[in-house]
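Below is one structure, written out as structure tokens; the observations come after it.
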Ligand code: AMP
Ligand code: MG
């Protein structure tokens, strides 16, 4: 009986194909995406992944005129989809957990500071404080599928969590196809799962915060991971300079001003990419010292800070 079992296993192993590496990339959410996985059948899932990313845009992209988030921002009375509700719940959780350092209602200030290619306003203290009247996650809630705002001027912006959340969606899709070894990257927000057929882990480069937005991408350090969700928030790709100071596209929701400290980037390692993404943005606001307090409450989370 034992011999029979052994033979059976041997035959089964020799018949099974060795997993093929499938890789492809494209564009999503104003940046690149790249997917790699090992699949015995070598199936190319790019069309399905593009559909997932397109569907996500119709929920949460500010650049998709027909998206749900734009309908909510225009105060149209809609019942939101379950995907929107889930994203909202996660964004709300991140806002509460970080004491509002992450805040999904900062959009109007991001725009006022000119980070969406529009002209920057001359923002006086008074103007900033006007904006702050309708910035604050506690001014919004989801009740019976509808977004309720305390002020109609409140605008939602899921950009600081959207890439990470989409990476998780793609990871779940690949897992649902029976894949165990994959790497998903949207603009530097990364999910790594499983070991390669030779037993090695995925190698993930953490980008060197470059001198300016035009510099090429250089790798500062390489992490070898087989179970990881990581996200980076940085001030070095999108910023403006004024009086020799660099202002990042991350807004401090309490002051209404762009973050201006020596922190160039924060990389967060967590269990889910949406969380890593949200926490990285929050830590960019908090700075290294105050992030230490936050990290105490999340023993599973690791963070790397790169200073000027
Ligand atoms: P990330 O690169 O993930 O840190 O996200 C930055 C983007 O999130 C910005 O371009 C804004 O649209 C938005 N954002 C800026 N500041 C914040 C903040 N404090 N909390 C949440 N979202 C923010
Ligand atoms: Mg983020």
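The values are calculated or read from the model by the stated rules, or taken from the named source; none is laboratory data. Here the structure is a predicted model, which means the values were calculated and not measured. A quick note on method: Cβ atoms are made from the backbone with ideal geometry, for glycine too, and the neighbour counts reach across all protein chains shown.
When the test is whether a residue is surrounded by fewer than 20 Cβ atoms within 10 Å (Cβ to Cβ) and in contact with a helix residue (DSSP H, G or I) (Cβ under 6 Å, 6 or more places away or on another chain), residue 132 does not pass it. Filtering the stretch 155-191 to residues that are assigned to a loop (DSSP other than H, G, I, E, B), more than 16 Å from ligand 2 (Cβ to nearest atom) and buried (at least 22 other Cβ atoms within 10 Å of the Cβ) leaves only 155.
Once the stretch 260-283 is narrowed to residues that are outside any strand (DSSP E or B), farther than 14 Å from residue 94 by Cα and in contact with a helix residue (DSSP H, G or I) (Cβ under 9 Å, 6 or more places away or on another chain), the residue that is modelled with the lowest pLDDT is 261. Scanning the stretch 65-107 for residues that are assigned to a loop (DSSP other than H, G, I, E, B) and over 18 Å from the mean Cα position of the chain (by Cα) returns 65, 66, 67, 74, 75, 76, 77, 78, 79, 80, 81, 99. Scanning the stretch 296-308 for residues that are surrounded by 15 or more Cβ atoms within 10 Å (Cβ to Cβ) and either assigned to a helix (DSSP H, G or I) or touching a helix residue (DSSP H, G or I) at 6+ places or on another chain (Cβ under 8 Å) (or both) returns 298, 301, 303, 305.
If the condition is being in a strand (DSSP E or B), surrounded by fewer than 20 Cβ atoms within 10 Å (Cβ to Cβ) and free of Cβ contacts under 8 Å to residues at least 60 places away in the same chain, then the stretch 135-154 contributes 141, 143, 148. Among the residues of the stretch 72-130, write down those that are within 14 Å of ligand 1 (Cβ to nearest atom), in contact with a strand residue (DSSP E or B) (Cβ under 6 Å, 6 or more places away or on another chain) and at pLDDT 95 or above. Across the stretch 72-130, the qualifying residues are 88, 106.
Taking the conditions exactly as written (modelled with pLDDT under 90, out of contact with any helix residue (DSSP H, G or I) (no Cβ under 7 Å at 6 or more places or on another chain) and either in a strand (DSSP E or B) or more than 16 Å from ligand 2 (Cβ to nearest atom) (or both)), does residue 254 satisfy them or not? Criteria not met by residue 254. Among the candidates 214, 293, the residue that is more than 16 Å from ligand 2 (Cβ to nearest atom) and either in a strand (DSSP E or B) or modelled with pLDDT under 80 (or both) is uniquely 214.
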